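Remarks on the structure that follows.
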Amino acid sequence: MTIKQTQNLLDYLGYDPGAIDGAMGRNTQAAVRRFQADYGLTADGDPGAATQKMLIGAVAGTAAKVEKPESSDAPKTGTFWDDIRYFTREEFRCQCGGKYCNGFPAEPAEETVRMADEIRRRAGVPLNVNSGVRCKQHNADVGGVWNSLHLTGQAIDLAPIGGDISVARLQEIAEQVQAEKMPGRGGLGRYDWGVHIDNGKYSRWNV
């Protein structure tokens, strides 16, 4: 299956891949990750054989979405993760796939994870972690700034799975949660695929 064919199927299913141009750009990768997460696949953004098969099944109506398991059902760890309802630590793993690091060159910051969990609760729909912790090389590969808070586990990129909530609404919710949990602090960026949140200094941007 070509990239353009993949883009067409994603677009048909409501996962916006951006321009149908045959290029595996950031928008297409994000759409692939949202689809993969929605259908129980590893959300790595790679439209390999398993993803292609699932895409065809989804279009044909023979593949069903799978609700993400809630971490409240996971074994207790004795850490703040026991309080996190909608995400697991693994979802914040560096997406270099083990090429450059062990997946966790830094730990996800508790403050930011709790903020993401509350955003997910208020959104009322599944959200995909487009990017959590990053190692330096992966951060460079995806065009991240040299001092990105993803490097220290303080930043999280969240994207709606499917079309059940608009990015504008997700931004509003993130703004509210951030103002309540860390008044006067925190970065919030809006992109076409979703939002970036962090627990750094106060900053706002739209891309």
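The values are calculated or read from the model by the stated rules, or taken from the named source; none is laboratory data. Keep in mind that this is a model prediction, so the values were computed, not measured. Ideal geometry is used to build each Cβ from the backbone, glycine not excepted, and the neighbour counts take in all protein chains shown. We work out accessible area using only protein heavy atoms, side chains counted, and drop any ligands, DNA or RNA first. Shrake-Rupley method; radii C 1.70, N 1.55, O 1.52, S 1.80 Å.
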Collect the residues in the stretch 126-166 that are among the polar types (S, T, N, Q) and under 18 Å from residue 10 (Cα atoms), keeping them in residue-number order.
128, 130, 166
Counted residues, the stretch 180-192 - those being over 18 Å from residue 133 (Cα atoms) and open to solvent by less than 60 Å² (accessible area, probe 1.4 Å):
2
Within the stretch 158-169, the residues that are open to solvent by less than 30 Å² (accessible area, probe 1.4 Å) and touching a residue at least 40 places away in the same chain (Cβ under 8 Å) are 158, 159, 160, 161, 162, 165
So which of 40, 61, 98 ends up being at pLDDT 85 or above and closer than 30 Å to residue 23 by Cα?
98
Out of the stretch 8-22, which residues are under 22 Å from residue 65 (Cα atoms) and without any contact (Cβ under 8 Å) to a residue 24 or more places away in the chain?
8, 11, 17
From the list 118, 172, 180, 110, pick out the single residue that is touching a residue at least 60 places away in the same chain (Cβ under 8 Å) and charged (D, E, K, R).
118
Residue pairs qualifying under the 8 Å Cβ cut-off, at least six apart or on distinct chains, with the first in the stretch 23-52 being surrounded by fewer than 16 Cβ atoms within 10 Å (Cβ to Cβ) and the second being among the hydroxyl-bearing types (Ser, Thr, Tyr), are 52/6
Within the stretch 1-19, work out how many residues are β-branched (Val, Ile, Thr) and surrounded by 16 or more Cβ atoms within 10 Å (Cβ to Cβ).
2
In the stretch 121-141, residues that are over 14 Å from the mean Cα position of the chain (by Cα) and in contact (Cβ under 8 Å) with a residue 60 or more places away in the chain total 0
Strands (runs of 3 or more DSSP E) within the stretch 161-207 that include 2 or more residues under 18 Å from residue 117 (Cα atoms), touching a Leu at 6+ places or on another chain (Cβ under 8 Å) and aliphatic (A, V, I, L, M):
195-201
